[in-house]
Each structure stands twice: as C-alpha cells, then as structure tokens.
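K.L.:
Pasting a structure here, questions to come.
The values are calculated or read from the model by the stated rules, or taken from the named source; none is laboratory data. Predicted model only: the values in this text are computed from it and were never measured. Cβ placement follows ideal geometry from the backbone for every residue including glycine, while neighbour counts extend to all protein chains displayed. We work out accessible area using only protein heavy atoms, side chains counted, and drop any ligands, DNA or RNA first. Shrake-Rupley method; radii C 1.70, N 1.55, O 1.52, S 1.80 Å.
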Amino acid sequence: MSYDAIVLAGGAARRLGGADKPGLRVGGRTLLDRVLDACADATATVVVGDRRPTARPVRWARENPPGAGPVAALDAGLRQTTAELVLVLSADLPFLGPATVRALLAATGAAGAEGPEGALLRDRTGRDQPLVAAYRAEPLRREIALLAAEHGTLSGLPLRALTAELRLAHVTDTEPLASFDCDTWEDLASARARIREHGNVLEQWITAAKAELGIDVDVDTKALLDLARDAAHGVARPAAPLTTFLVGYAAARAEAAGADPAAAVAEASRKAADLALRWAAESGGDAETGEGTPG
C-alpha cells in the first residue's frame, strides 16, 4: 500500500531536560533511526525537526515558528507529501515495527464517504496514540485548514483538536511495546534494558548490525549459530567467527554474480557446516585446541 510518512522530531523534550531526544540511542541506534526503519517502504519520508544524520535519506521540514506544537508540525510535514495515505509517527518509539505500520494502513481502508479517515494505535491501557497513526491526507488537510481559519494560527493547538473531527478506526497494540515511547530518562533506561532481554537481544542486534552496515538480507540465525557451533567444536573455537565471516564473504560474491542473497547465505552455510563436520570426523580428538589424537 503506497503511503508517505511524517515523523515529528522537534519537541522540546522537557521531561528529559531539553535533551536531543531523537538522537538518544537504544541498542546502539538513535530513536529516530529506529522509527525510520519501521516505515522504510514509505514512498517519501518527511522528518519535521532539526536536520541531523539519518540512516536513510529523508526530506526535512520545520514548523513555523519552531516549537509551535504538534498540529503546526504536522501541517509542515503534510505540505511535503503527495500520497493519499500518510503515516504519522513520533520520533521516540524504540520498539515500533513494520507490522504495526501495516496494520494501521490496512485499518484506514479504502477511501469512501463512510469509511475511516484514519486509524490510531490503541495501547494496552486503552489510550489512543495520535502520533502512531495513519490518516487520509485530504481529510487531514481539510481539518488543519479549518483549525487555522477558526483560531488564526496552528501554534499551540493540541492534537485532540484535530483528531476529534475525524472518523477514526483503532488498532490494538499488536506488537509487544509498539506504543512504548521515551518521554523520561526512566523510559530510556527501561528501553535499553528491554532490548537486551534474552528472548529479544539477538533479533535486535542483527537488525542494528544490518542497519549499521547498510545491508538488507534475511538472516537464518539458527543456521549460522549451528555453523558457528560446528566450527568451534569440530575445528577450534576461533574458527567460529572466522567461518561465519567467510560464509558472508562467499555469499556476497555469489550475490554479486546474480544469486538470491538469502539462498547464497544458505548455500555457503551448508558447505561450511559440511566441511566442519568432515573435519571433526577426521580429527578424533580435542577440537577445542585444534589438536588431534596421534595415530
């Protein structure tokens, strides 16, 4: 579903003592970059806030005057979009993922006289999140124009003044912690702790590493961990990281020659795993030190 994304990144962060909230890091990546990952398939992405380095290209906008509030910021971002659907996000959502984005877009549905004009995420406490939402651009522009005419300015207006006039659907917080935002230092500490939880840390680390390295490939974590185990046990412990590096290098060469990236990784992993098992079968001794039993 084609859409544009608007990310609001210009708040005062008063509860953080005025810190640069979009630039704070969780799992080694800025909050802004984590949000940008969730909407990576947007046709255009507009960030409303001060310019800064980002992991992918975006357009920049600023409300006038700076600090005029979320409605003014949304208006500034909306002026740089052309899609019928717009995704609106705050820049402090460390656990937002593409599944929530897809659910919001789907809930907005097809345009029609009686259809919803937007869809908000509803968190598990029952609170609606207007900055984790998808909206139809035309009704959004209409209501912003009416507010500007009524009040003479958009500065200082709360989002509820805008959303109260729209027909809205609601999406339950389906992804764990999708609506979790970092408003305080305690929130930030909690996010950093949660990202290291046992059942989550590898997925989060792989996502962060792929973003840092600028690659987009499906990672079969189990296959690579099995390969590292076989290399460590069948050859020597240092063989584990070296073997996975060589698998990645071989897969990159195969991809450059036209192979599917995921298939290239799988095939290189299979070959290396088979080699490690053959090596272990021949050694008949202590693979941890790389020393075999004398014949």
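K.L.:
Could you look through segment 82-110, keep only residues that are β-branched (V, I, T) and within 12 Å of the chain's Cα centre (by Cα), and pick out the one that is surrounded by the fewest Cβ atoms within 10 Å (Cβ to Cβ)?
P.N.:
Looking only at segment 82-110, we keep the residues that are β-branched (V, I, T), and these are 82, 86, 88, 100-101, 108.
Among the residues that remain, those that are also within 12 Å of the chain's Cα centre (by Cα) are: 100-101.
Working: T100: 22, V101: 25.
Step by step, filter segment 82-110, then rank; the result is T100.
K.L.:
Filter segment 53-81 for residues that are in a loop (DSSP other than H, G, I, E, B), over 30 Å from W205 (Cα atoms) and under 23 Å from the mean Cα position of the chain (by Cα) and give the result. Write out each step before concluding.
P.N.:
Filtering segment 53-81 for residues in a loop (DSSP other than H, G, I, E, B) gives 53-58, 62-69, 79-81.
Keeping just the survivors that are over 30 Å from W205 (Cα atoms) gives 62-69, 79-81.
R62, Q80, T81 - these are the residues of segment 53-81 that are in a loop (DSSP other than H, G, I, E, B), over 30 Å from W205 (Cα atoms) and under 23 Å from the mean Cα position of the chain (by Cα).
K.L.:
Okay, next question. Name the residues in segment 163-196 that are assigned to a helix (DSSP H, G or I) and either out of contact with any strand residue (DSSP E or B) (no Cβ under 8 Å at 6 or more places or on another chain) or β-branched (V, I, T) (or both), would you?
P.N.:
Within segment 163-196, the first condition is being assigned to a helix (DSSP H, G or I), and the residues that meet it are 163, 185-194.
Once the filter is applied, which keeps residues that are assigned to a helix (DSSP H, G or I) and either out of contact with any strand residue (DSSP E or B) (no Cβ under 8 Å at 6 or more places or on another chain) or β-branched (V, I, T) (or both), segment 163-196 yields T163, W185, E186, D187, A189, S190, A193, R194.
K.L.:
OK, next. Return yes or no: is L154 surrounded by fewer than 21 Cβ atoms within 10 Å (Cβ to Cβ) and closer than 28 Å to P66 by Cα?
P.N.:
Spelling it out, it is not the case that L154 is surrounded by fewer than 21 Cβ atoms within 10 Å (Cβ to Cβ) and closer than 28 Å to P66 by Cα.
K.L.:
Shifting gears a bit: Taking the options A133, A193, A161, A149, name whichever one is of a type in the set (A, V, I, L, M, F, W, C), closer than 25 Å to A13 by Cα and open to solvent by 40 Å² or more (accessible area, probe 1.4 Å). Give the derivation first.
P.N.:
Working: A133 fails: open to solvent by 40 Å² or more (accessible area, probe 1.4 Å); A161 fails: open to solvent by 40 Å² or more (accessible area, probe 1.4 Å); A149 fails: closer than 25 Å to A13 by Cα.
None of the others qualify; the one that does is A193.
K.L.:
Could you check segment 120-148 and list, in sequence order, the residues that are closer than 20 Å to L85 by Cα, assigned to a helix (DSSP H, G or I) and in contact (Cβ under 8 Å) with a residue 40 or more places away in the chain?
P.N.:
A137, E138, L140, R141, I144
K.L.:
Any residue at all in segment 274-284 that is at pLDDT below 80, open to solvent by less than 40 Å² (accessible area, probe 1.4 Å) and over 23 Å from R56 (Cβ atoms)?
P.N.:
Yes.
K.L.:
Regarding G115, is this residue open to solvent by less than 60 Å² (accessible area, probe 1.4 Å), free of Cβ contacts under 8 Å to residues at least 60 places away in the same chain, over 26 Å from T30 (Cβ atoms) and not aliphatic (A, V, I, L, M)? I'd like the intermediate steps shown before the answer.
P.N.:
Details: open to solvent by less than 60 Å² (accessible area, probe 1.4 Å): yes; free of Cβ contacts under 8 Å to residues at least 60 places away in the same chain: yes; over 26 Å from T30 (Cβ atoms): yes; not aliphatic (A, V, I, L, M): yes.
It is true that G115 is open to solvent by less than 60 Å² (accessible area, probe 1.4 Å), free of Cβ contacts under 8 Å to residues at least 60 places away in the same chain, over 26 Å from T30 (Cβ atoms) and not aliphatic (A, V, I, L, M).
K.L.:
With the condition kept exactly as written, say whether any residue in segment 257-274 is out of contact with any helix residue (DSSP H, G or I) (no Cβ under 9 Å at 6 or more places or on another chain), in contact (Cβ under 8 Å) with a residue 40 or more places away in the chain and more than 21 Å from D216 (Cα to Cα).
P.N.:
no
K.L.:
Can you tell me how many residues within segment 164-187 are surrounded by 13 or more Cβ atoms within 10 Å (Cβ to Cβ) and over 30 Å from A107 (Cα atoms)?
P.N.:
2
K.L.:
For T45, state whether it is among the β-branched types (V, I, T), within 14 Å of A134 (Cα to Cα) and touching a Cys at 6+ places or on another chain (Cβ under 7 Å). Spell out the reasoning first.
P.N.:
Details: among the β-branched types (V, I, T): yes; within 14 Å of A134 (Cα to Cα): yes; touching a Cys at 6+ places or on another chain (Cβ under 7 Å): yes.
So T45 fits the description; yes.
K.L.:
Now for a separate question. In segment 204-234, which residues are free of Cβ contacts under 8 Å to residues at least 24 places away in the same chain, buried (at least 16 other Cβ atoms within 10 Å of the Cβ) and of a type in the set (S, T, Y)?
P.N.:
Of everything in segment 204-234, nothing turns out to be free of Cβ contacts under 8 Å to residues at least 24 places away in the same chain, buried (at least 16 other Cβ atoms within 10 Å of the Cβ) and of a type in the set (S, T, Y).
K.L.:
Can you give me the number of residues within segment 28-71 that are in contact with a Lys or Arg (Cβ under 6 Å, 6 or more places away or on another chain) and open to solvent by 10 Å² or more (accessible area, probe 1.4 Å)?
P.N.:
1
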